[in-house]
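Take a look at the structure below.
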Amino acid sequence: MAAAGSGATAGHENWSSRSAFILAAVGSAVGLGNMWRFPAEAGENGGGAFVLFYVFCVLLIGLPVLLSEVLIGRHGQASAPDSVQKVAQDSGASKGWSVIGSLGVFAAFLILSFYCVVGGWVVYYIGVFLGDLFQTGLTGGAFEGRAAEDIESLLPGLFGNGMLMIGLNMGFLAATIFFVARGVSSGIEWVAVYLMPLFFLLFLGITVYGAFTGNFSEAVTYLFTFDFSKLTGEVMLAAVGQAFFSLSLGVAGMITYGSYASRNTNLGATSGIIAGADTAVALLAGLAIFPIVFAAGLSASVGPGLMFQSLPIAFQAMPFGSLIGLAFFIMVFFAALTSSVSLLEAPVAFVKDRFKMSRMTATIIVGLGAAVLGVLSSLSFNDMADFRPLAFIPLFAEANFFDALDGVTAKLFMPIGAILTCIFVGWVADAKLIDDENGLDGVLHQTWRALVRYVCPIILAVILFFGIFG
Ligand code: PHE
C-alpha cells in the first residue's frame, strides 16, 4: 500500500484523508457507550452530578490521554505495541514500554468479545420493532395493546434463550470481521464514512422528535441540575470509567487508529474534535432518551434496562412508535458496529504485524477467539449464570463471565493502560519528539503537558486505588 508523503513504514496502511480518520475515530468513540451505557450510568448515579463530573473527566483526563494515544500511533506507524516500542527507541528508553500496547491489545480483544454480545441484543430489537411495524402499522404506537410487563420481559426472554443469544452475538461479530478483513481504507473507513453520517441523521431526527413529543424540560433539569451532595466517590469512579470507555481509551484502539494518520494531520485539533463529538453525542443521547422515558412516567434510574426495556415501553405511547423504535435501534446498530470494528482492528493489526500474517488470516484468528469468549459471555445470562470465573478476587467475586470481562477491562486494564501511557508520554518519551507530534503550541501545549505529567496519572491512580480497595 502506498505510504507516499506520510513517512509511514512500508506496507503500513493509511486513512485516505484527514476526514476519514476523524470519522473512523469518532465512529470508534461513539457507540453503545454513548447510547446505552451513558444514560444508564447517569440515571443510576443521580443525573446532574454525574454528568458534570463526566464532562470534567473528559476535558481533564480523557482528552489529554486521547492525544497521547494517537500521537504514539502516528509516530510509530505500526500496531500498538510496535508503535510504543518505536517511540521508546527513538527516545532512548527501554523496549519494555511496549507492554502498554500489548496490554491494550489484549483488553480490546476482551471488550470486543462482550461488546458483540450486546450488539446482538441491538440486532434482536431491530427484529422486534420490524415485526411490530408489520403488525401494528406505521402511525400507531409500538406494541399496541400489549402490557408494559410484556414489553419489559422481551429482554429477559432473550436472555433465557442461550442459542438465540449466541446466534445474534455471532452475527454481529461476523459483520465486524467482514469489514476489518477488508482493510483500513476499504473496510473500516467505508463503515465510518457511510454509517456515521447516517447515524448522525437518525440521531438528530430522534432527538428533535423526543424533544417535541417528550418531556424535554424535565430531562434537561434532570441532566443538568448539579447537586454537590450527590457527587460521591462512587459517582466519580463511575464517571471517569465512563469517560474512558466512551472515548475508547486505554485499550490500544486509538494508538492503532493514530498509526494510520498522515504526517500532516494536526493531532491536537483532531483529538479535540473526536472528544467534542463523542461528548456531544452522549449528552444529546441523554436528551433524546430521558424526555421519552419521563413522558411515559418511567423511572430514570433503572440502569442497563433503560435502553432495552424502558425505552421500548415509552415508544408504546408515541405516535409512529414502531417506526421510531426501529430507527432508534438501527441507529444504535450503526454506532455499535463502527466501535466494534475498532476493537477488532487493534488486535488484528498486532497479530498481522507480529506473526507476519495476511490481514485475512489475522482477522479470522482473532475473530474466532472472540467468538469462543462470546459464547461464554452469552451463556452467562442463562446456562452458565452461576459460573463465577474470578471468585478468588474479592472485587469480582460475584461477577459472571460477562460481568467479569466488563469489570476487569473497565476497572483494571483501562486505568492501568492510561496511567502507563501518561507516564510514558509525559516523562519517558523524548520531549522534542512529543512536541513535534502533538500539534499544540504555547499555553495549550504547556497545559496538556502538565495534565499528562501530573494531573492525569495522579487522579487515575487515586481512582484505581479506590476502585480496587474502596
Ligand atoms: N467507545 C466505544 C463506545 O462508546 C467502546 C469502545 C471502547 C471502543 C474501547 C473501542 C475501544 O461504545
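For the reader, a short list of remarks on this structure follows.
- FRET efficiency for ALA174 and THR361, using Cβ-Cβ distance with R0 set to 25 Å, rounded to 0.05: 0.95
- Taking only the alpha carbons of the stretch 40-87, we obtain Rg and Dmax values of 15.9, 44 Å in that order.
- Residues PHE465, PHE401 ordered from highest to lowest accessible area at a 1.4 Å probe: PHE465, PHE401.
- Dividing the convex hull volume of the alpha-carbon atoms in the stretch 303-434 by its residue count gives 202 Å³ per residue.
- Theoretical gain in end-to-end length, ILE393 to LYS230 [0.36 nm per residue, Cα-Cα removed]: 55.8 nm
- Whole-percent carbon and sulfur share, accessible surface of the chain, 1.4 Å: 68
- Convex hull of the stretch 22-469 built on C-alpha atoms - directionally averaged projected area, nm²: 20.4
- Nearest-ten-degree value, helix 414-423 long axis tilted from longest Cα axis of the chain: 30
- Lysines with Cα under 22 Å of LYS95, excluding same-chain neighbours fewer than 8 positions away: LYS86, LYS352, LYS356, LYS432
- For the chain: relative contact order, % (alpha-carbon pairs under 8 angstrom, 6 or more apart): 33
- Under Karplus coefficients 6.51, -1.76 and 1.60, residue-wise ³J(HN,Hα) of the stretch 170-186 in Hz, glycine/proline x: 5, x, 5, 5, 4, 4, 4, 4, 4, 6, 5, 4, 6, x, 5, 7, 9
- Relative to the dominant Cα principal axis of the chain, helix 63-76 is inclined by about 50°.
- Taking trypsin sites (Lys or Arg not before Pro) in DSSP loop conformation with at most 16 other Cβ atoms inside 10 Å as exposed sites, the chain has its longest uninterrupted site-free stretch at 1-145.
- The gain in end-to-end length when the THR221 to ASP90 segment is fully stretched comes to 42.1 nm, 0.36 nm per residue minus the alpha carbon separation.
- Convex hull volume per residue in cubic angstrom - Cα atoms of the stretch 271-381: 146
- Here the calculated FRET efficiency for ASN382 and TRP427, from their Cβ-Cβ distance with R0 = 51 Å, stands at 0.60, rounded to the nearest 0.05.
- Under the convention that each Lys and Arg Cβ holds +1 and each Asp and Glu Cβ holds -1, the size of the dipole of the chain around its Cα centre is about 1060 debye.
- Per-residue extension of 0.36 nm, minus the Cα-Cα distance of TYR454 and TYR194, leaves a gain of 89.6 nm for this segment.
- Nearest 10 degrees, 0 to 90: helix 18-29 Cα axis against the chain principal axis: 50
- When Rg and the Kirkwood Rh are both derived from Cα coordinates, the Rg/Rh ratio for the stretch 37-196 amounts to 1.08.
- Whole-Å distance, taken between Cα centres, linking the stretch 51-66 and the stretch 280-324: 26
The values are calculated or read from the model by the stated rules, or taken from the named source; none is laboratory data. From a predicted model like this one, the values you see are computed outputs, not experimental measurements. Because the Cβ atoms are built from the backbone with ideal geometry, glycine has one as well, and the counts that use them run over all protein chains shown. The area values use the complete protein model at the heavy-atom level, side chains included, leaving out ligands, DNA and RNA. Shrake-Rupley method; radii C 1.70, N 1.55, O 1.52, S 1.80 Å.
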